[in-house]
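Right, one structure below, let's go through it.
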Amino acid sequence: MPISQSRSEIVAWVGSHIVPHEARLRLWLKGMRISDDEVNDIIQDAYVRIARLQSVAHISDGKSYFFQTAKSVLIQKIRRSRIVPIGQLTEIDAANLSDTGPSAERRLSARQELDNVRALIASLPDRCRTIFEMRRIQGLSQKEIAKRLGVTENVVEMQAVRGLKLILKGLEINDKGGGGATTVKAETRFEVKTNGK
């Protein structure tokens, strides 16, 4: 267990090892289409978490620790909101950040959640999945998707909403200890039959 350090030592360390990386962290977060207000909140929460540490002696790479802390804050915000911005999760997963701090559990939890969301997307009916991925992952407009697939914008909107609802339902089932993507797949088949689509 690290020996406690004085507040002034921690503040000085943060000033020289963390603060210089704030601009880069802001760019990284903005690259995931996060609003300026949310970026400010995430960075503020990351600073608060670091400031609460009893010691920073265990941190060998301030930049990696700062980015990993911000990533953890972002994942926690996503979980709390129950809205899954797939593009953000994909970019979080793709970020090559080494965490020198004690957060293996957080990384494992985030990886499991991302794998779960990917499985839920894969379980969507074909057209629904295609439209959902084009809209939520690739960021295409409804108009562009409709043009590419030769369908109306109304169809695109309905299928994108349907996909999101099914994924959220799957996450809810998983939170309650249910069957996850397999259950959503079965419910999807039922929904297709009852709606006649």
In nanometres, the difference between 0.36 nm per residue of separation and the alpha-carbon distance of residue 168 and residue 80 is 30.4 nm
Pseudo-spin-label distance residue 24 to residue 60, built 7 Å along Cα→Cβ, given in nm, is 1.8 nm
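No lab work stands behind these numbers, since they all come straight from the coordinates. Because the structure is a prediction, the values reported are computed rather than measured. Ideal geometry is used to build each Cβ from the backbone, glycine not excepted, and the neighbour counts take in all protein chains shown.
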